[in-house]
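Structure first, commentary second.
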Amino acid sequence: MDDEPLSEWAKRRDERIGRLRAFPLVSGDDPKASHLNPDFPRAIQRWNGDTWEPHGTAANLAEAQRLLHPRDERPPTDPAPEPQPLRAGRGQHRDPRPGE
């Protein structure tokens, strides 16, 4: 029996462990979509490989997004490329004008 499909599945499952998600702490029938009620506090949950478990809270949607998607604050090590000015002419992908 080939264990390749099972090992691939296990690898994909293990890659998701530690993943975070946030949802608004609203009551009753209020909408629970993540983009609605941006000023409401958020519950942060962490995937442990079997179930979502409580991980923390955020004061609002903006703080939750900073927790879920942290940015790398280090400046880039490569300098930005120099802009290339446009050259004269019409380019090779254009059809010639009549009489050219």
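The values are calculated or read from the model by the stated rules, or taken from the named source; none is laboratory data. All values reported here derive from a predicted model rather than from experimental measurement. Glycine also receives a Cβ, built like all others from the backbone with ideal geometry; neighbour counts cover every protein chain displayed. For the accessible areas, the whole protein counts, side chains as well, though only heavy atoms, and no ligand, DNA or RNA atoms are used. Shrake-Rupley method; radii C 1.70, N 1.55, O 1.52, S 1.80 Å.
Overview of results
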| quantity | calculated |
| --- | --- |
| Where a residue in the range 11-29 is touching a residue at least 24 places away in the same chain (Cβ under 8 Å) and its partner, wherever it lies, is surrounded by fewer than 11 Cβ atoms within 10 Å (Cβ to Cβ), with Cβ under 6 Å and at least six apart | ILE17/GLY49 |
| Filter result for GLU8 (among the acidic types (Asp, Glu), outside any loop (DSSP other than H, G, I, E, B) and at pLDDT 90 or above) | no |
| Among residues of the range 43-66, those that are within 12 Å of ARG21 (Cβ to Cβ), open to solvent by 60 Å² or more (accessible area, probe 1.4 Å) and part of a helix (DSSP H, G or I), counted | 1 |
| Selected residue (only one of PHE40, PHE23 is assigned to a loop (DSSP other than H, G, I, E, B), at pLDDT 85 or above, open to solvent by 70 Å² or more (accessible area, probe 1.4 Å) and not acidic (Asp, Glu)) | PHE40 |
| All positions within the range 73-100 that are modelled with pLDDT under 75 and open to solvent by less than 100 Å² (accessible area, probe 1.4 Å) | GLY89, ARG90, GLY91, PRO96, GLY99 |
